[in-house]
Amino acid sequence: MKSLFAYLMMLAAATLAGCATGPAATKNDVQELSLALQTLDPKVDPVEARRAAEIAYSYSARLAEQYNVTTSPILHNTMVNTGVKDRGLCVHYAEDMQARLSQENFQTLTMLRAIAEPKNDFRIDHSTAVIAAKGDGINEGIVLDPWRYGGKLFWSATAEDGRYNWEPRLQVLRRKYERRVAKDAVAQ
């Protein structure tokens, strides 16, 4: 029964979402992200902004390749959650993107993580990496979301991302923990 459910979920997701991969990033894409990063704060180093933009685009595509993404993100999630594939959930993209950009040891940019709790009945959180000027929080940064389009980078100022209400990762995890503790206390 479990495998039938997984199959039906994969079929429904494929039908609704289709294949989400798209063309590779252009120089213009990288330039736009670089300029957006530079406008975060006058102290942002243009060389760091350019390097971060190049890595964000190229690493998004590399992660999709490593995760063997050949379907829509939702369908790929189903395959990961049922054990067909090993990685490729949004949390994997967020972890890996944050780790890769953190390796650069930027002096004027910082990597952060954000989570958006669900707005829908499916109750699925969404995780992402956020890049901000050194000292700023996620609300002043830029969302770097390679999961959303199956390895093609989506980016936006955090506050302008109309699809998700982003919050700092630790804030969401703390709230979830407190809910679980309260629920367990009521159940006892």
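The values are calculated or read from the model by the stated rules, or taken from the named source; none is laboratory data. Just so it is clear, the model here is predicted, and its values are computed rather than measured. Cβ sites come from the backbone with ideal geometry, for glycine too, and all protein chains shown count toward neighbours.
How many of the residues in the range 71-89 are loosely packed, with under 15 Cβ neighbours inside 10 Å and under 18 Å from TYR149 (Cβ atoms)? Can you show your working first?
Quick first cut of the range 71-89, residues loosely packed, with under 15 Cβ neighbours inside 10 Å only: 81, 83-84, 86.
This time we only want the ones that are under 18 Å from TYR149 (Cβ atoms), so: none.
Residues flagged as loosely packed, with under 15 Cβ neighbours inside 10 Å and under 18 Å from TYR149 (Cβ atoms) within the range 71-89 amount to 0.
Determine if the range 46-61 includes at least one residue that is touching a Gly at 6+ places or on another chain (Cβ under 9 Å), at pLDDT 95 or above and in a helix (DSSP H, G or I). Give the steps one after another, and end with the answer.
As a first pass, look at the range 46-61 and keep what is touching a Gly at 6+ places or on another chain (Cβ under 9 Å): 60-61.
Now restrict to residues that are at pLDDT 95 or above: 60-61.
Filter once more, so that each one left must be in a helix (DSSP H, G or I): 60-61.
There is at least one residue in the range 46-61 that is touching a Gly at 6+ places or on another chain (Cβ under 9 Å), at pLDDT 95 or above and in a helix (DSSP H, G or I).
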Taking the range 98-112 and keeping only residues that are within 14 Å of ASP136 (Cα to Cα) and among the polar types (S, T, N, Q), one is left with GLN107, THR108, THR110
Applying the selection to the range 66-112, what residues are part of a helix (DSSP H, G or I), touching a helix residue (DSSP H, G or I) at 6+ places or on another chain (Cβ under 6 Å) and free of Cβ contacts under 8 Å to residues at least 40 places away in the same chain? ASP96
Qualifying positions in the range 128-150 - in contact with a Phe, Trp or Tyr (Cβ under 8 Å, 6 or more places away or on another chain) and crowded, with 20+ Cβ neighbours inside 10 Å: THR128, ALA129, VAL130, ILE138, ILE142, VAL143, LEU144, ASP145, PRO146, TRP147, ARG148
Considering the range 151-188 alone, what residues qualify as being surrounded by 11 or more Cβ atoms within 10 Å (Cβ to Cβ), modelled with pLDDT of 90 or more and assigned to a helix (DSSP H, G or I)? THR158, ALA159
So LEU40 fits all but one of (1) among the hydrophobic types (A, V, I, L, M, F, W, C); (2) at pLDDT 95 or above; (3) assigned to a loop (DSSP other than H, G, I, E, B); (4) surrounded by fewer than 20 Cβ atoms within 10 Å (Cβ to Cβ); what number is the exception? (4)
Condition check for ALA114: under 19 Å from the mean Cα position of the chain (by Cα), under 28 Å from THR70 (Cα atoms) and not charged (D, E, K, R): yes
Of all residues in the range 77-133, count the ones that are among the polar types (S, T, N, Q) and over 30 Å from GLN38 (Cβ atoms). 5
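Restricting to the range 138-188, name every residue that is of a type in the set (Phe, Trp, Tyr) and within 30 Å of THR71 (Cβ to Cβ). Before you say what the answer is, go through the steps one by one.
Residues of the range 138-188 of a type in the set (Phe, Trp, Tyr): 147, 149, 154-155, 164, 166, 177.
Within the range 138-188, TRP147, TYR149, PHE154, TRP155, TYR164, TRP166 qualify.
Matching residues to (1) more than 22 Å from ASP96 (Cβ to Cβ); (2) without any contact (Cβ under 8 Å) to a residue 12 or more places away in the chain; (3) not β-branched (Val, Ile, Thr):
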residue: ALA133; (1), (2), (3): yes, no, yes
residue: GLY137; (1), (2), (3): no, no, yes
residue: GLU140; (1), (2), (3): yes, no, yes
residue: ASP145; (1), (2), (3): no, no, yes
residue: LYS152; (1), (2), (3): no, no, yes
residue: THR158; (1), (2), (3): no, no, no
residue: GLY162; (1), (2), (3): yes, yes, yes
residue: LEU173; (1), (2), (3): no, no, yes
Residue list for the range 137-150, restricted to those being in contact with a strand residue (DSSP E or B) (Cβ under 6 Å, 6 or more places away or on another chain), of a type outside the set (Lys, Arg) and part of a strand (DSSP E or B): ILE142, VAL143, LEU144, ASP145, PRO146
